[in-house]
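The values are calculated or read from the model by the stated rules, or taken from the named source; none is laboratory data. Values in this document were obtained by computation on a predicted structure and should not be read as measured data. Note that each Cβ is placed from the backbone with ideal geometry, even for glycine, and that neighbours are counted across all protein chains shown.
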Ligand code: OXD
Ligand code: MN
C-alpha cells in the first residue's frame, strides 16, 4: 500500500476524510486505508455520532433494499439468504501462527494461509458498493470496561443494526487519541442478488488475534457480520485472559427481592435457551441479555452489559409468555425484524407467536404460502426458527437504571443453564465457587438450536455457554474462572437452572413463568433468607419456600407432587453426565486443571452413596 493519506484521498471525499482525520489516531487511519486498498469501494461513508449520519444509515438500508419499511414506520424487515440464517461456527476460524494451537475444540487455520485466502476473497469486493466506517464502544463509555471498536462494512443493514445494539463511539475515539487497544472489524457482503448475499458457499469469518482484527465475507446474517457481537467476544476473551477479567456470554439483570432490594445476577445459557426471556421476566429489570464483562473491582465482582440493545430470537415470543417484549414489539420503538413473515398489510409474524397463521406473505424464501415446500420437498415454515428482532434497550419499560454506569453493578449470583430434558432439576445452588465453576459452568450441556447452522436437538458439550466463542484453550479458561473468584471478598453464589425438563412424553415439566420463581429463590439464598436441602449435586429449595413464592409472585398453588417430580434427583442420568464430561476433559482438554477431576470424583462419590441408600430416583424429601 502506498502512503496512508494518499490512499485515503483516493477513496474518501473531502468531507469523509475530514471526519476520519478528526480522530487523531494514526492506527485508525491505517486500518481504513488498508481496507479501502483491499476492497476498493466505489464510495466511502464515515459515520459520526451525529443524528443526521445515523439517519442516513437507516434511510440507505431501506433505499438499497436491505430492509423494507413495515406498517409501523419505525419498524423494518431484513431478509438473509435462505442458506445464511445462523452463525456458521465451522467457517469461523482463528488465524493461528505456525507452531501454535488453540486445542481441538476451536476451529483454526494457519495465519499466513488464512490471510492470503482473505486477500483473495476480499480483493475488490466493494467495487460497485459504498463502504461504511463506524466507531463504537463496547461497555459503557469512558469506563474501565470500555473497548473501542472500528467497524467497516458494506452492509447498511449491519451498520443500522449496530446503531440499535451498541454505543456510538466517534466522539469517544476523538477523546482518546492514544488508544492502542482497539478491535478492528471488516465485513464485506460479497455478491448480492436483490440485496441478499448469495456467496454462502464461500462464506467465512477469520479472527486474527495477533492484530485484534476480524474479517467476515460472503454473509449477511448478523451473528456472522456484526463484528461487535460474537466476533468481538472472541477477541475480548483473549484480552480478558491477559488482563485477569472475564468476557462472558451472559445476560445481566436485577432481581427485585423483599423490601425493594435489588440483586444483580448474570446468567450464561447457550443461544436460544432463555437468556432474553430470563432477563425480561416480569418484576425484574434488565441490564443486558447476551454479553457481559466481569471485573473484580475493590474485591467485588462487578459487571456491565457490553451492548446496548437486543438481537433476540423471536420464535415463541407471545403476548401471554413474554408480555414485556410483546408490548415493545408492537409499539413504535424502532425495531428491525429479520427472517420473519411479513403479511400483505406489512405486519411481522413468527413461529409460535400465539396468533392465527396468515395464509401468505413474504419470508426468507420469497413469497410464501401455507404448504410451500423447498427444493427437497420439505415444507417451509412461515418464518425461520432463528428469526430475530433487533431493538435498543433504551425505551424498555423494564430497563435497569445502571445500564450506563461506568463502574458496572455488583454481582450477587451467576447462573448456568441449558436445554436439558432429563438430568438437572429446575434450580440448584453450588456448594462453593469451585464446585459451581466445575460442575455447573464447565459441565454445561445443551441441545443444539437453530442459532447455529447444523442439526438442532443434539446434546452438546457447552461449557459456560461460551465454547463457540472461546479463543484460548479451554483448560486455561477454566483456570481463569477459578482464579477470578479467589480475589473476591464475597463471592457471587453460583446456580444451575433447567427450564427444559421433560416427561417421557416430551411434555415440559415446568411452566415458562416458573423461571421467575427460581430467580426469587436465588435472591433469598444470596441474602441468607431461606435454608435449603443439601443433595449430592448442590442445594435445592425447600418445598414450603417455593410454595410461598409461587403464591406471592404468580398467584399459583404449587403442589407437592409437582415439586417431587421436578426436584427428584435422577442419579443414573447425573452419573452418566459426569462420565461423559469427564471423558471429554480427560481425552481432549490437555490443560484441564486437576481440581476439575477431584470435584468430579467427589460428586460421583456423593451420588453413589445416595444411590446405595435411596435408589436411582430420589425424592428430595429423603435428603431433609
Ligand atoms: C446470539 C447467539 O445471537 O448467541 O446471541 O447466537
Ligand atoms: Mn448469544
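I'm trying to understand the selection: among the residues of region 332-357, which are in contact (Cβ under 8 Å) with a residue 60 or more places away in the chain and out of contact with any helix residue (DSSP H, G or I) (no Cβ under 9 Å at 6 or more places or on another chain)?
Filtering region 332-357 for residues in contact (Cβ under 8 Å) with a residue 60 or more places away in the chain gives 332-340, 342, 345-348.
Matches in region 332-357: 332, 333, 339, 340, 342, 345, 346, 347.
Say whether the condition of being assigned by TED's automatic domain parsing to the domain that holds residue 387 and under 21 Å from residue 465 (Cα atoms) is met by at least one residue in region 254-277. Outline the logic, then answer.
Here is the first cut: in region 254-277, the ones assigned by TED's automatic domain parsing to the domain that holds residue 387 are none.
Checking region 254-277: not a single residue is assigned by TED's automatic domain parsing to the domain that holds residue 387 and under 21 Å from residue 465 (Cα atoms).
Return yes or no: is residue 337 under 29 Å from residue 457 (Cα atoms), modelled with pLDDT of 95 or more, within 16 Å of ligand 2 (Cβ to nearest atom) and not in a loop (DSSP other than H, G, I, E, B)?
Numbers: under 29 Å from residue 457 (Cα atoms): yes; modelled with pLDDT of 95 or more: yes; within 16 Å of ligand 2 (Cβ to nearest atom): no; not in a loop (DSSP other than H, G, I, E, B): yes.
So residue 337 fails the test.
Which one is farthest from residue 307 (Cα to Cα), of the residues in region 274-292 that are away from ligand 1 (no atom under 15 Å from the Cβ) and in a strand (DSSP E or B)? Please lay out each step first, then the result.
As a first pass, look at region 274-292 and keep what is away from ligand 1 (no atom under 15 Å from the Cβ): 281-285, 287.
Of the ones still in play, those that are also in a strand (DSSP E or B) are 285, 287.
Details: 285: 16, 287: 9 Å.
Once the filter is applied, the top-ranked residue is 285.
Collect the residues in region 352-364 that are surrounded by fewer than 18 Cβ atoms within 10 Å (Cβ to Cβ) and in a loop (DSSP other than H, G, I, E, B), keeping them in residue-number order.
Pass one, region 352-364, residues surrounded by fewer than 18 Cβ atoms within 10 Å (Cβ to Cβ): 352, 354-360, 362.
Residues satisfying the conditions are 352, 354, 355, 356, 357, 358, 359.
Within region 296-314, how many residues turn out to be crowded, with 21+ Cβ neighbours inside 10 Å and either out of contact with any helix residue (DSSP H, G or I) (no Cβ under 8 Å at 6 or more places or on another chain) or not in a strand (DSSP E or B) (or both)?
Number of matching residues: 7.
Restricting to region 236-273, and then to whatever is on the phi > 0 side of the Ramachandran plot and part of a helix (DSSP H, G or I), can you tell me which residue is farthest from ligand 2 (Cβ to nearest atom)?
Filtering region 236-273 down to residues on the phi > 0 side of the Ramachandran plot leaves 244, 259-260, 272.
Still in the running and part of a helix (DSSP H, G or I): 259-260.
On the way: 259: 34, 260: 31 Å.
Out of the qualifying residues, it is 259.
Kindly list, by first and then second residue, each pair from a residue in region 451-473 that is at positive phi and at pLDDT 90 or above to a residue that is within 15 Å of ligand 2 (Cβ to nearest atom) and in a helix (DSSP H, G or I), limited to pairs with Cβ atoms under 9 Å and residues at least 6 apart or on different chains.
465/275
Residue-by-condition table, conditions (1) at pLDDT 95 or above; (2) in contact with a strand residue (DSSP E or B) (Cβ under 6 Å, 6 or more places away or on another chain):
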{"position": "54", "(1), (2)": "yes, no"}
{"position": "59", "(1), (2)": "yes, no"}
{"position": "75", "(1), (2)": "yes, yes"}
{"position": "88", "(1), (2)": "no, no"}
{"position": "96", "(1), (2)": "yes, yes"}
{"position": "102", "(1), (2)": "no, yes"}
{"position": "112", "(1), (2)": "yes, no"}
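Of all residues in region 315-331, which are more than 16 Å from ligand 1 (Cβ to nearest atom), part of a loop (DSSP other than H, G, I, E, B) and surrounded by fewer than 21 Cβ atoms within 10 Å (Cβ to Cβ)?
Kept after step one, since they are more than 16 Å from ligand 1 (Cβ to nearest atom), are these residues of region 315-331: 318-324, 326-331.
From the residues that got through so far, the ones that are part of a loop (DSSP other than H, G, I, E, B) too are 318-322, 330-331.
Selection gives 318, 319, 320, 321, 330, 331.
(1) touching a strand residue (DSSP E or B) at 6+ places or on another chain (Cβ under 6 Å); (2) modelled with pLDDT of 95 or more: which one isn't true of residue 275, the others all being true?
(2)
Does residue 266 count as within 16 Å of ligand 1 (Cβ to nearest atom) and at pLDDT below 95?
Values: within 16 Å of ligand 1 (Cβ to nearest atom): yes; at pLDDT below 95: no.
No, not satisfied.
One line per residue, one yes/no per condition, for (1) in a loop (DSSP other than H, G, I, E, B); (2) surrounded by 20 or more Cβ atoms within 10 Å (Cβ to Cβ):
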| position | (1), (2) |
| --- | --- |
| 17 | no, no |
| 53 | no, no |
| 56 | no, no |
| 104 | yes, no |
| 114 | no, yes |
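Out of 33, 71, I need the residue that is out of contact with any helix residue (DSSP H, G or I) (no Cβ under 6 Å at 6 or more places or on another chain) and either surrounded by fewer than 18 Cβ atoms within 10 Å (Cβ to Cβ) or over 30 Å from residue 364 (Cα atoms) (or both). Which one? Give the derivation first.
Values: 33 fails: out of contact with any helix residue (DSSP H, G or I) (no Cβ under 6 Å at 6 or more places or on another chain).
Answer to the check: 71.
Over 28 Å from residue 252 (Cβ atoms), within 16 Å of ligand 1 (Cβ to nearest atom), touching a strand residue (DSSP E or B) at 6+ places or on another chain (Cβ under 8 Å) and not assigned by TED's automatic domain parsing to the domain that holds residue 406, is that true of residue 161? Show your work before the answer.
Details: over 28 Å from residue 252 (Cβ atoms): no; within 16 Å of ligand 1 (Cβ to nearest atom): yes; touching a strand residue (DSSP E or B) at 6+ places or on another chain (Cβ under 8 Å): yes; not assigned by TED's automatic domain parsing to the domain that holds residue 406: yes.
No.
Hand me the list of strands (runs of 3 or more DSSP E) wholly inside region 373-491 holding 1 or more residues that are buried (at least 17 other Cβ atoms within 10 Å of the Cβ) and within 16 Å of ligand 2 (Cβ to nearest atom). Steps first, please.
On the way: elements: 388-392, 409-417, 427-429, 445-447, 459-461.
Result: 388-392, 409-417, 445-447, 459-461.
Against the definition (outside the structural domain of residue 276 (by TED's automatic domain parsing), under 22 Å from the mean Cα position of the chain (by Cα) and away from ligand 1 (no atom under 16 Å from the Cβ)), how does residue 374 come out, yes or no?
On the way: outside the structural domain of residue 276 (by TED's automatic domain parsing): yes; under 22 Å from the mean Cα position of the chain (by Cα): no; away from ligand 1 (no atom under 16 Å from the Cβ): yes.
No; evaluated as a whole, the condition is false for this residue.
When region 163-175 is examined, which residues are found to be out of contact with any helix residue (DSSP H, G or I) (no Cβ under 6 Å at 6 or more places or on another chain) and touching a residue at least 60 places away in the same chain (Cβ under 8 Å)? Show your work before the answer.
So the first thing to find is which residues in region 163-175 are out of contact with any helix residue (DSSP H, G or I) (no Cβ under 6 Å at 6 or more places or on another chain), and the list is 164-165, 167-175.
If the condition is that a residue be out of contact with any helix residue (DSSP H, G or I) (no Cβ under 6 Å at 6 or more places or on another chain) and touching a residue at least 60 places away in the same chain (Cβ under 8 Å), then 164, 165, 167, 168, 169, 170, 171, 173, 174 are the ones that fit.
Residues in region 145-157: is at least one within 16 Å of ligand 1 (Cβ to nearest atom) and under 28 Å from residue 64 (Cβ atoms)? First the steps, then the outcome.
Initial filter on region 145-157 (within 16 Å of ligand 1 (Cβ to nearest atom)): 157.
Subset that is under 28 Å from residue 64 (Cβ atoms): 157.
Yes, because at least one residue in region 145-157 is within 16 Å of ligand 1 (Cβ to nearest atom) and under 28 Å from residue 64 (Cβ atoms).
Given (1) more than 16 Å from ligand 2 (Cβ to nearest atom); (2) within 14 Å of the chain's Cα centre (by Cα), identify the lone condition not met by residue 289.
(1)
Within region 116-129, which residues are touching a helix residue (DSSP H, G or I) at 6+ places or on another chain (Cβ under 9 Å) and in a helix (DSSP H, G or I)? Give the derivation first.
Taking region 116-129 first, the residues touching a helix residue (DSSP H, G or I) at 6+ places or on another chain (Cβ under 9 Å) are 118-119, 121-127, 129.
Residues satisfying the conditions are 118, 119, 121, 122.
Taking region 604-616 only, how many residues are in contact with a strand residue (DSSP E or B) (Cβ under 9 Å, 6 or more places away or on another chain) and closer than 18 Å to residue 579 by Cβ? Spell out the reasoning first.
First, pick out the residues of region 604-616 that are in contact with a strand residue (DSSP E or B) (Cβ under 9 Å, 6 or more places away or on another chain): 606-607, 610-611, 614, 616.
Then keep just the ones that are closer than 18 Å to residue 579 by Cβ; that gives 606-607, 610-611, 616.
Qualifying residue count for the region: 5.
Being under 18 Å from residue 182 (Cα atoms), within 13 Å of ligand 1 (Cβ to nearest atom) and modelled with pLDDT of 95 or more: is that true of residue 248 here?
Working: under 18 Å from residue 182 (Cα atoms): no; within 13 Å of ligand 1 (Cβ to nearest atom): yes; modelled with pLDDT of 95 or more: yes.
Taking the combined requirement at face value, the residue does not satisfy it.
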